[in-house]
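A short write-up of the structure that comes next.
The values are calculated or read from the model by the stated rules, or taken from the named source; none is laboratory data. Please read all numbers here as calculations on a predicted model, not as lab measurements. Note that each Cβ is placed from the backbone with ideal geometry, even for glycine, and that neighbours are counted across all protein chains shown.
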Amino acid sequence: MQRRNDATLRRFFLLCMAGCGGLLFDFGGTVINPAIPYLESLGIFTTERLSHLTSAVVLGAAVSGLAAGAVAEKIGRKKAMLLASAIAALAALPICLGGGAYRPFYAGRLMQGVAAGLVGVVVPMYLAETLDAANRGKGAGIFQFMDVVGILFCSLVGVAVVKCFGGPGDPATAEIAKQAAWKAVFWTSAVPALVFFAGALGLPESPVWKSRPSGRDTEQTHGRGTEHCGEDGPRGARPLPEGRDSLLRRRYVVPFAIALAVLVCNQATGCNAIQYFALKMLLDAGMGDAAAGAANVSLWAVMLAATAVACALVDRKGRKFLLTLGTAGMVVADVGAGCVFLALDKGWLAPSLLSGWAAAACLALFIAAFSIGPGVVVWLALSEIMPDRIRANGMAIGLFLNMMVAWFVSDRFLVVAECHGYAPLLFALAFFAAVYFAVAAFLLPETKGKTLSEIEEFFR
């Protein structure tokens, strides 16, 4: 009985840490969302530099994500998680203590990205190696769910800061209050990092890493590994085939090309950029500080609800169905938002609370559609269509390409919006969402209920 209670407590602690990891993963990147209006109001940075500071997180995550597996192999999963949380906590120092200087600020944002890249790779790896088969999916679900909670929490930070220091667009808000406001936003990014660091201290090292052989045997063992695919054996684990094949072999070209197309379109729709700049878009659409803050919170509440719905439907309705539904909704939402901003640009619609809520409704539709489709489905579907012998290399390349597209779109978003307005930008994003829809509807096979062998045979 005591052993059973200990196992239950250990499992509960691991699931709590999965939640903390998810909370930390996107928090550092999204926390700039409520700070941007203050930084813009103070005129500390040009629009281009503000774009660079926003996208620096994605660049840092792309680079560290490539190295995360090697780091976890070298120092262990636990130390890698401690390292990631320490970097995330320390990142607030150059940002907040740098006096608004560009280089320290950029360094801090890069650090937040490096931490996110490590967390995004190492935490799911650790959970897969320590949780039993019955709870492994639950751990992944909690990580994803708490990732969205972290984004929602960032928007609540923005509301609290406006109440405490005043709105960035309010003439009564003093410059010193605006300075304190954006710094307070970034200081909060250290909180989930410190919580995760404290929790990681109590974690045991991964049994897989502890039991790994050394030297050449390590490469052979990890080259084969195990994959928890839920279709072979009573516990859903099977050994991977020895060795890896070239991604360019004819039998692998089609699934690899589909995967790359999906991953490029996934970020070319601007999902990360809208996440970072939603509050600014609402302010530019005619909302006041308080109303924009409340609408921003509602966007991420929608994301949380849609993510929960998608998690419930993914094994019932299928990956292809949800991805097709989600991308279709993103096209409609982008076109709708583009029309609102086009009407504002042409003077057909005066900036007001009504125009602001019209833009907010379109952004909410975009976020709901993304969450119920690509947000939950894309990585699951792609890991399934990638054949065993190219999955590790294919997913690594795909992730890097995905992050680089996210970096480019986020880096150029404000600059293009300032030069040409939001309307043409949103119509361009709608085009990529339409391409995404076509790939999902006509090229991506349905993988629900199929074994990995059956999926691979389909492409043969």
Selection count where residues are among the charged types (D, E, K, R) and either under 23 Å from Gly120 (Cα atoms) or not in a helix (DSSP H, G or I) (or both), scope the range 16-60
1
Quick count over the range 84-122, residues being free of Cβ contacts under 8 Å to residues at least 40 places away in the same chain, buried (at least 18 other Cβ atoms within 10 Å of the Cβ) and not in a helix (DSSP H, G or I), is 0
Taking the stated definitions as given, is Val195 outside any loop (DSSP other than H, G, I, E, B), of a type in the set (A, V, I, L, M) and closer than 18 Å to Ala84 by Cβ?
yes
Inside the range 61-83, can you point out the residues that are touching a Phe, Trp or Tyr at 6+ places or on another chain (Cβ under 8 Å) and part of a helix (DSSP H, G or I)?
Ala62, Gly65, Leu66, Ala72, Glu73, Arg77, Lys78, Met81, Leu82
Have a look at Gly60, Gly69, Gly99, Gly65 and point out the one that is within 14 Å of Ala116 (Cβ to Cβ) and either out of contact with any helix residue (DSSP H, G or I) (no Cβ under 9 Å at 6 or more places or on another chain) or at pLDDT below 85 (or both).
Gly65
Criterion: more than 18 Å from the chain's Cα centre (by Cα), part of a helix (DSSP H, G or I) and either aromatic (Phe, Trp, Tyr) or closer than 15 Å to Pro34 by Cβ (or both) - qualifying residue of Ala257, Ala290:
Ala290
Does the range 47-66 contain any residue that is farther than 21 Å from Phe408 by Cα, of a type outside the set (Val, Ile, Thr), in contact (Cβ under 8 Å) with a residue 12 or more places away in the chain and in the same structural domain as Tyr126 (by TED's automatic domain parsing)?
no
With the range 319-424 as the region, which helices (runs of 4 or more DSSP H) entirely inside it contain at least 2 residues that are touching a helix residue (DSSP H, G or I) at 6+ places or on another chain (Cβ under 7 Å), buried (at least 21 other Cβ atoms within 10 Å of the Cβ) and modelled with pLDDT of 85 or more?
319-346, 353-372, 388-420
Look at the range 152-172 and say how many of its residues are touching a residue at least 12 places away in the same chain (Cβ under 8 Å) and either part of a loop (DSSP other than H, G, I, E, B) or farther than 25 Å from Phe25 by Cβ (or both).
8
